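A.B. asks: Got a structure for you, questions after.
The values are calculated or read from the model by the stated rules, or taken from the named source; none is laboratory data. All figures in this text were calculated on a predicted structure; none of them were measured in a lab. All Cβ positions, glycine included, derive from the backbone under ideal geometry; neighbour counts span all protein chains shown. Side chains are part of the model used for accessible areas, which takes the heavy atoms of the whole protein and leaves out ligands, DNA and RNA. Shrake-Rupley method; radii C 1.70, N 1.55, O 1.52, S 1.80 Å.
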Amino acid sequence: MGKGKFRSKWGFILTAVGSAVGMANVWGFPYKLQSEGGGAFLVAYLIFIVIFGYVGLSAEYAIGRRAGTGTLGAYEYAWNSRGYKSAGKIVGWLPLIGSLCIAIGYACIISYVLKALFQSITGSLMTVDPGPWFEGFALRDYSVIPFHIVIVIVTLLTCITGASSIEKANKFMMPIFFVLFVILAIRVALLPKAIEGYAFMFKPDWSQLLNPRTVVSAMGQAFFSLSITGSGMIVCGAYLSKSEDIIDGAKKTAVFDTIAAMVAAFVMVPALFSYSLEQARGPGLLFVTLPTILQDMPGGRLFAIILFTAVVFGGISSLQNMFEVVAESIMHKFPKLSRKITLAVLGILTFGIGVNMEAITKWGNWMDIVSIYIIPLGATLGAISWFWLLKKEELMDEINTSSNKIYGDIWYNIGKFIYTPLAIVLCIVALAFKIAF
């Protein structure tokens, strides 16, 4: 298959961070931080990030490296260790289909961002009325086709040689992503009343920690932000050298993903306080509220270019992982297929379905279904597969390969008796919420 391995530890980490960093960081985290109790939400979120990064993320890396392949092969390997190989071949398709579904909707989202970047460069974004401008393409079918085509093609090109091209792309995109967002955060810090936004972010309303909604929201955000879907991070492990410490890599991924979320919050929340604007949810924050602020801000056009460039890079790095997850598994299932043909078919399929849902009313509903049903179920299947079906000695052997310390029952039991039940709870709550509302 010619997939190869990551050439360096930082290439692996930046790729994993690139997969994790995306819309969950840019608009999901700031919105939930502000709407779910500020510092209280942050405390709960950080607790879940520590648990999920320590055991969930590292387990997905471990099974990928142990099986030497991505989603389909990893589930087959885990279930086969208990003699359920045939069932494992079937189970793996659900999280894999989840990755494809996410990719279809995600490509539409990033197409919107590329359109905003293009209009920032031309300067037209600085003269429009953000609300009607956004509705002008967000409520219409086939509204961003040229940008959609560019996003799909560019992302697929970053996967063209497997681990090598993916690593190179993320070594370029991820440092720029962080630098650009830091520049934005510094600029926002100079705005009037920005300090009120910081105060809100770090002042906990401890009563919110007793609110199940806040706790479940923080848990779901942590799962989504770290890209623990029972699929996405497995392929990163498959391309990881045996000389690399899995736990250390998972810790660094979690740290940098959290930094990305915090830097995004440092941009969004203080800016809203400075301009006394209401927090908008999801696309409204990025495409209506922020353009309104940027139009009024000195140097707003430059900072608009910086913002949307950073978000495009973050989006492509996440979409890249989704494409690679599907491509690698298809090539694992059908080894005679070439990578180029597989990617071409994947691109045509993704664009062919996605172009019919470019209106936000369509891809928004699509992504809601994916996030409520498929992602929690995929995370749950993964947790059960790695900690309850895969033989303990196999998982621990892979975890301890090249580790500077020996991990044993404590690490494993956290995964089996804390992490896995939390994944199951998230799955049940997500389904219950959908039924109730």
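A.B. asks: Give me the number: length gained by fully extending Ile186 to Leu337, i.e. 0.36 nm times residue separation minus the C-alpha to C-alpha distance, one decimal in nm.
C.D. replies: 49.5 nm
A.B. asks: For the chain, what is the charge dipole size about the Cα centre, in debye to the nearest 20, if Lys and Arg each add +1 at the Cβ and Asp and Glu each add -1 at the Cβ?
C.D. replies: 900
A.B. asks: Can you find, among Leu190, Phe118, Ser338, the residue farthest towards the positive end of the dipole of the chain? Put +1 on the C-beta of Lys and Arg, -1 on that of Asp and Glu.
C.D. replies: My answer, from the dipole projection, is Ser338.
A.B. asks: Something else: Given axes a ≥ b ≥ c from the Cα gyration tensor, I'd like to know whether the stretch 244-364 is rounded (a/c under 1.5), prolate (a/b larger than b/c) or oblate.
C.D. replies: It comes out oblate by the Cα gyration axes.
A.B. asks: Next question. When only C-alpha pairs under 8 Å and at least 6 residues apart count, what is the relative contact order of the chain, in percent?
C.D. replies: That works out to 37 percent.
A.B. asks: Could you give the accessible area per residue of the chain, probe 1.4 Å, as a whole number in Å²?
C.D. replies: Ligands and nucleic acids excluded, the figure is 38 Å² per residue.
A.B. asks: Something else: Points 7 angstrom from Cα along the Cβ direction at Ser165 and Asn413: gap in nanometres?
C.D. replies: 4.8
A.B. asks: Å³ per residue of the Cα convex hull, for the stretch 320-406?
C.D. replies: Hull volume over Cα atoms, normalised by residue count, gives 159 Å³.
A.B. asks: Does the stretch 302-368 classify as rounded, prolate or oblate by the C-alpha gyration tensor (a ≥ b ≥ c root eigenvalues; a/c under 1.5 gives rounded; else a/b over b/c gives prolate, otherwise oblate)?
C.D. replies: Judged from the Cα gyration tensor, the stretch 302-368 comes out oblate (a/c at least 1.5, b/c at or above a/b).
A.B. asks: Estimate the FRET efficiency between Val50 and Thr292 by the formula 1/(1 + (r/R0)^6), using the beta-carbon distance for r and 35 Å for R0, to the nearest 0.05.
C.D. replies: Calculated value: 0.45.
A.B. asks: Sticking with this structure for a sec: Based on the mean of other Cβ atoms within 10 Å per residue, sort peptides 358-365, 84-91 so the most packed one is first.
C.D. replies: For the peptides 358-365, 84-91, the packing ranking is 358-365, 84-91.
A.B. asks: Another one. What does the convex hull of the Cα atoms of the chain come to per residue, in Å³, rounded to a whole number?
C.D. replies: 130
A.B. asks: Could you order the peptides 72-79, 340-347 from most to least packed, using the average number of other C-beta atoms within 10 Å per residue?
C.D. replies: 72-79, 340-347
A.B. asks: Around Glu358, what is the net charge, scoring Lys/Arg as +1 and Asp/Glu as -1 over all other residues with Cβ under 10 Å from its Cβ?
C.D. replies: Residues close to Glu358 contribute a combined charge of +1.
A.B. asks: Using only the alpha-carbon atoms, how far is helix 71-80 inclined from the longest principal axis of the chain? Give it as 0 to 90 degrees, nearest 10.
C.D. replies: Rounded to the nearest ten degrees, it is 40.
A.B. asks: Sticking with this one: Per DSSP H run of at least 4 residues, take -39500 (n - 2.57); add these up for the chain, divide by its residues and hand me the 222 nm value, nearest 500 deg cm²/dmol.
C.D. replies: Helix contribution divided over all residues of the chain: -22500 deg cm²/dmol.
A.B. asks: Multiply the residue separation of Lys89 and Leu157 by 0.36 nm, subtract the distance between their alpha-carbon atoms, and state the gained length in nm to one decimal.
C.D. replies: Extra length from Lys89 to Leu157 when fully extended: 21.6 nm.
A.B. asks: Could you check how much of the accessible area of the stretch 209-353 is carbon and sulfur, as a whole percent, using a 1.4 Å probe?
C.D. replies: Summing carbon and sulfur atoms, their accessible area is 70 percent of the total for the stretch 209-353.
A.B. asks: Going by average Cβ neighbours within 10 Å, how do the peptides 5-12, 22-29, 117-124, 254-261 rank, with the highest at the top?
C.D. replies: Packing proxy ranking, top to bottom: 22-29, 254-261, 5-12, 117-124.
A.B. asks: In degrees between 0 and 90, to the nearest 10, how far off the longest principal axis of the chain does helix 58-67 point, with axes built from Cα atoms?
C.D. replies: Taking Cα atoms only, the helix is inclined about 50 degrees.
A.B. asks: For the stretch 388-437 and the stretch 150-218, what is the separation of their Cα centres, given in Å?
C.D. replies: 26
A.B. asks: For the stretch 42-72 and the stretch 276-350, compute the distance between their C-alpha centroids and round to whole Å.
C.D. replies: If we compute the Cα centre of each part, the gap is 23 Å.
A.B. asks: Right, another one. Would you work out if the stretch 135-258 is rounded, prolate or oblate? Take a ≥ b ≥ c from the square roots of the eigenvalues of the alpha-carbon gyration tensor; rounded if a/c is under 1.5, else prolate when a/b is larger than b/c, oblate otherwise.
C.D. replies: It comes out oblate by the Cα gyration axes.
A.B. asks: Expressed in nm to one decimal, what extension gain is obtained for the pair Lys193 and Lys392 from 0.36 nm per residue of sequence separation less their Cα-Cα distance?
C.D. replies: 66.3 nm
A.B. asks: Helix 246-274 versus the longest principal axis of the chain: what is the Cα-based angle in degrees, 0 to 90, to the nearest 10?
C.D. replies: So the inclination is approximately 20 degrees.
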